[in-house]
Amino acid sequence: MSYTIHYTQKFLVILGIFSWPDVYLKMYNDSFKPCIFDYSKSLEELTRGLAAIADDHTAAISYAQRLDEALNDVFLSEMVGCTVIVCFLEFRVLKDWKDEKMIDVMTYAVLMTSIFVNVFIFSFTGDRLKEQSEKVGEYSYSLEWYDLPKNLAADLMFIVIRASRPSTLTAGKVFDLSLQGFCEVVKTSAAYLNFLRAMVN
């Protein structure tokens, strides 16, 4: 019971933390075109609107960087720890299946699934942040920037250049948290399992 409460609390904290830059990046994409393509406004007003959007983009990037600085060691320990634990759980599932201890098999399988869900939550949130960050650059470039006044188009290009390096969350600065990283955790645990079986046999 306490294990479930622990992971529920962790999920709620992660959801709250990661939603902030995600919301800002979504607002950025939603408000971009109406803000800088309203030709009824003066050049000064359009420039102020673009500056406000750039401030939101910078705030989201800065928050994601601080988040990564604060938690990248935690993410690394979670990913490595979960990989090793899942390896041993897989080994126990196979051993108990062979011994026909079905209750133990079910217990370990449920525990293994909960750990996979834990890793998936971290990976999904990191992947989502990277995806939204990449969309900023894609959306900025897809606008009719060539129809904008020269100075405004030049300012927009700075946003495109900055967005070409998307914000990411890392596990100890070793690898990015992403769905690809989740697949790597699954494959690594399976590789460790094969090594463990070879050692035991």
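Against the definition (farther than 30 Å from Glu45 by Cβ and aliphatic (A, V, I, L, M)), how does Met157 come out, yes or no?
Against the criterion (farther than 30 Å from Glu45 by Cβ and aliphatic (A, V, I, L, M)), Met157 does not qualify.
Mind listing whichever residues of the stretch 61-113 are among the charged types (D, E, K, R), part of a helix (DSSP H, G or I) and over 30 Å from Arg128 (Cβ atoms)?
Once the filter is applied, which keeps residues that are among the charged types (D, E, K, R), part of a helix (DSSP H, G or I) and over 30 Å from Arg128 (Cβ atoms), the stretch 61-113 yields Arg92, Lys95, Asp96, Lys98, Asp104.
Across the stretch 181-201, what is the total count of residues that are within 18 Å of Val117 (Cα to Cα) and either in contact with a Leu (Cβ under 6 Å, 6 or more places away or on another chain) or in contact (Cβ under 8 Å) with a residue 12 or more places away in the chain (or both)?
Qualifying residue count for the region: 7.
All but one of (1) without any contact (Cβ under 8 Å) to a residue 60 or more places away in the chain; (2) exposed (fewer than 15 other Cβ atoms within 10 Å of the Cβ); (3) among the aliphatic types (A, V, I, L, M) hold for Val174; state the number of the condition that does not hold.
(1)
Return the total of residues in the stretch 99-116 being closer than 26 Å to Ala171 by Cα and without any contact (Cβ under 8 Å) to a residue 12 or more places away in the chain.
Residues meeting the conditions: 2.
How many residues, within the stretch 148-201, are under 15 Å from the mean Cα position of the chain (by Cα) and part of a loop (DSSP other than H, G, I, E, B)?
Residues in the stretch 148-201 being under 15 Å from the mean Cα position of the chain (by Cα) and part of a loop (DSSP other than H, G, I, E, B): 10 in total.
Can you confirm whether Val80 is surrounded by fewer than 17 Cβ atoms within 10 Å (Cβ to Cβ), among the β-branched types (Val, Ile, Thr) and at pLDDT 90 or above?
yes
Go through (1) without any contact (Cβ under 8 Å) to a residue 24 or more places away in the chain; (2) crowded, with 16+ Cβ neighbours inside 10 Å; (3) within 26 Å of the chain's Cα centre (by Cα) one by one and return the number of the condition Asp96 breaks.
For Asp96, the failing item is (3).
The values are calculated or read from the model by the stated rules, or taken from the named source; none is laboratory data. On a predicted model such as this, the values are computed, not experimentally measured, just so you know. Note that each Cβ is placed from the backbone with ideal geometry, even for glycine, and that neighbours are counted across all protein chains shown.
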